[in-house]
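Asker: Have a look at the structure that comes next, please.
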Amino acid sequence: MAVLDAKLKPLTIVEGKHLYDFDLLVPNLWARYKRAILKDCEKLKARKCDEPLVSLLMTSLRGTVPADLAKVVKYSRGSNAKFTEFGRDVMTMAVREARVLLGEVGSVVHEQELAVGHCFGIDVHLWVWLAKPGKSRRRSRRKRR
């Protein structure tokens, strides 16, 4: 996404990723998203924009998806597995992991829980982060679960 001025010069360019909360609790998925975000940061450097940003959008299901809806709700198997393992703490843990992940690729400039809704009998939360690519504030400490 790009925001342009009247002369079509980019004021900001945003590269984004979307994931489910449980993705951040699975070591290889966490690492895959980090690589993807770092790749987005490299693309942003090449685009010559004064205010580049990366965004991360996270969906959190606050319950298990019933078996009869497993084919309807995307990634329900992974979501159910982590919800069964950690219960309602999944979202809190994932929010913490999102902060760590983005802190390793730059600095978070905005974090917000966008929406809370209800679908298929499950509470659904949507979170968003914006981060400025650059020097990370943290060195990778990831010794994943």
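Laboratory data are not the source of any read-out in this text; all were calculated from the coordinates shown. Values in this document were obtained by computation on a predicted structure and should not be read as measured data. Cβ: placed from backbone, ideal geometry, glycine included. Neighbour counts: every protein chain shown.
Asker: Once Lys and Arg get +1 and Asp and Glu get -1 on their Cβ, which of Val72, Ala2, Pro27 lies farthest toward the positive end of the dipole of the chain?
Answerer: About the Cα centre, the residue reaching furthest to the positive side is Pro27.
Asker: Could I ask something else about it? Given labels modelled 7 Å from the Cα in the Cβ direction, how far is it in nm from Lys39 to Lys74?
Answerer: In this crude spin-label approximation the distance works out to 1.7 nm.
Asker: Using label points projected 7 Å from each Cα along Cα→Cβ, tell me how many nm separate Asn28 and Ser107, to one decimal.
Answerer: Placing both labels 7 Å beyond Cα along the Cβ direction yields 3.6 nm.
Asker: In the structure shown, do any of Lys45/Lys82; Lys7/Lys45; Lys17/Lys82; Lys43/Lys71 have a Cα-Cα gap over 27 Å, and if so which?
Answerer: Values: Lys45/Lys82 36 Å; Lys7/Lys45 21 Å; Lys17/Lys82 21 Å; Lys43/Lys71 35 Å.
The answer is Lys45/Lys82; Lys43/Lys71.
Asker: Taking a ≥ b ≥ c as the square roots of the eigenvalues of the Cα gyration tensor of the range 32-85, is the shape rounded (a/c under 1.5), prolate (a/b larger than b/c) or oblate?
Answerer: Details: a/c = 3.58, a/b = 3.39, b/c = 1.06.
Verdict is prolate for the range 32-85.
Asker: If the chain between Ala115 and Arg96 were fully stretched, how many nm would it gain, using 0.36 nm times the residue separation less the Cα-Cα distance?
Answerer: So the extension gain works out to 5.0 nm.
Asker: Right, here's the next one. Taking each full run of DSSP H in the chain as one helix, which ones are at least 18 Å long along their axis (Cα atoms) and have mean Kyte-Doolittle hydropathy of at least 0.5?
Answerer: 89-103
Asker: Between Thr84 and Arg47, what length in nm is gained on full extension when 0.36 nm per residue of separation is reduced by their alpha carbon distance?
Answerer: Additional length available on full extension: 9.0 nm.
Asker: Which of the following values of Rg and Dmax of the Cα atoms in Å was calculated from the structure shown: (1) 16.6, 53; (2) 15.2, 45; (3) 13.7, 41?
Answerer: (1)
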